[in-house]
Amino acid sequence: MAFSITKLVSLAAELEIDFGVGPCLGFDAVLAMAYLSDQQDAWSSLLDRIGRYKTMTSLAAHINEARLRVGLGKGKDGDKKLLSIYSFLVSIAKINSLQFQVFQSSFMYQEYHQEKLVFTHQTQEKGGLRSQEENLVMQKREAERLFSNLQQFAKDSPQICFCIESHDHDIFLCYNTSTGLWQLTDINDFEEETNDYYLEYTREELTEAVFACFNDEETSLMKIKLIGPSAIFNTTFLSSFKCCLSNLGDMDEVRAQMINADGVGLLYMEAFYGNLDKVKHLLSLGANPGQTSVSKGFDPAYVACENGHIDIVKALLSTGQRDINQQANNGTTLLLLACYNKHWHIVRYLLSYEGINVNLVNKDGLTALHLLIINEQTELCKLLLELGADKNVLAPEMGTPLDVAEVINNQQITALLTGQESIGDRNLLDTPGTSIASNIGGELLATIKADRNSQHLMGTV
């Protein structure tokens, strides 16, 4: 038995720890802190402990028992190790939450330290950490030059490490000055059980390895995040890092239009991270606002909307090259996405847009009206109905908008949908004690009633 990402995610679910969009960002941040504080062996031991268990249900039970014993002052030998696993998972989740709460791409180390996350105490003893990142798009031959430059940079500054991100993939990278080899950790490679947490490559092999991680062929889109002790982050150090990148970070007409094997380029990444000035500059250089991820059907407007960047959504729609009702592979539209992610400012803007179709459905058959009702957005529901929202759309697992309003017991929205000032009896019993609402998608509707504030209960848009 050995560690796998499946075990990590399953254990978090058993312990009711929410990784949000996934464990990658938090996992890499914890690994970076372990690396900079010389705690890599402790990090590996955490993964080993998880891997020793065949089922995560039993490990979760042992962790909860240890938490209870320690809380009662009756801790046993071994409880500390079990609690360290719990702290590891909580730290991953907290880092994800902190980063995406303010949509900050640089590591928010001071916040990690204030939260007393795993390895922050040891990292603080080393003076803390900082990070600096650049978005790049490059051909494979350029990447070879980049990694050659970074290797010399790493030799001169042996305390540093890197997180390299594509639009849907993260890897951790550090240079071992003793062996002269690069060590690469790719959490996505841990789908199968493994004890090999680092893969080693020569500089000549590294480009192929990174491109393979990102499923790229001749062109790669990536964010390179430089991480190191706070004390070395001075002007000279950052200038040296910029020199390593050569002209790869420059925006010109050629780079503005380059896309990777998945069909996306710099415009997609800058829209994702909310960099409005760079988005406008890329559009002026001829970047295609319609560039779309082949694997997901997402485009720059989609990822900007998903992350609440309304000014970027406006800039992309203003080009006239993006249909506001365009649907991704999973059926979602900008309106559905904004409703799902509770970006009400974007919802209001989209509803003011000429030609908006308010009745499109996602893969679960949900309309914008369903999602607004789940979130009890009465005023937006009124606006949607004025724009012609269909009150009778039947989602396979949730029923009609009125069914949802009844299950969450929102009398104001129920009255709005029925056109009544007060709520009448609409249970319309088809069998004794059973209403239409309870018959349609009963289990899912009951779950919504129990926790209607959770995004994860709305279906996947």
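Before moving on, here are some points about what is shown:
- Check on Ala32, surrounded by 20 or more Cβ atoms within 10 Å (Cβ to Cβ) and within 17 Å of Glu125 (Cα to Cα): yes
- Residue within region 73-91 that is assigned to a helix (DSSP H, G or I) and either touching a strand residue (DSSP E or B) at 6+ places or on another chain (Cβ under 8 Å) or modelled with pLDDT under 90 (or both) present: no
- Enumeration of residues in region 308-352 that are part of a loop (DSSP other than H, G, I, E, B) and closer than 16 Å to Leu387 by Cα: Ile324, Asn325, Ser352
- Matching helices (runs of 4 or more DSSP H) fully within region 377-461 where at least 1 residues are within 29 Å of the chain's Cα centre (by Cα) and at pLDDT 90 or above: 378-386, 401-407
- Subset of region 341-356 (residues that are modelled with pLDDT under 95 and touching an Asp or Glu at 6+ places or on another chain (Cβ under 9 Å)): Asn341, Gly355
- Top-ranked residue of region 179-231 - restricted to ones that are within 22 Å of Phe119 (Cβ to Cβ) and part of a loop (DSSP other than H, G, I, E, B), ranked as nearest to the chain's Cα centre (by Cα): Asp186
- Within region 287-307, the set of residues being among the hydroxyl-bearing types (Ser, Thr, Tyr) and in a helix (DSSP H, G or I) comprises Tyr302 only.
- Check on Tyr268, in contact with a Leu (Cβ under 8 Å, 6 or more places away or on another chain), hydroxyl-bearing (Ser, Thr, Tyr), buried (at least 19 other Cβ atoms within 10 Å of the Cβ) and closer than 26 Å to Cys213 by Cα: yes
The values are calculated or read from the model by the stated rules, or taken from the named source; none is laboratory data. Because the structure is predicted, anything quoted here is derived from the model rather than measured. When we count neighbours, we look across all protein chains shown, and the Cβ atoms used for this are built from the backbone with ideal geometry, even at glycine.
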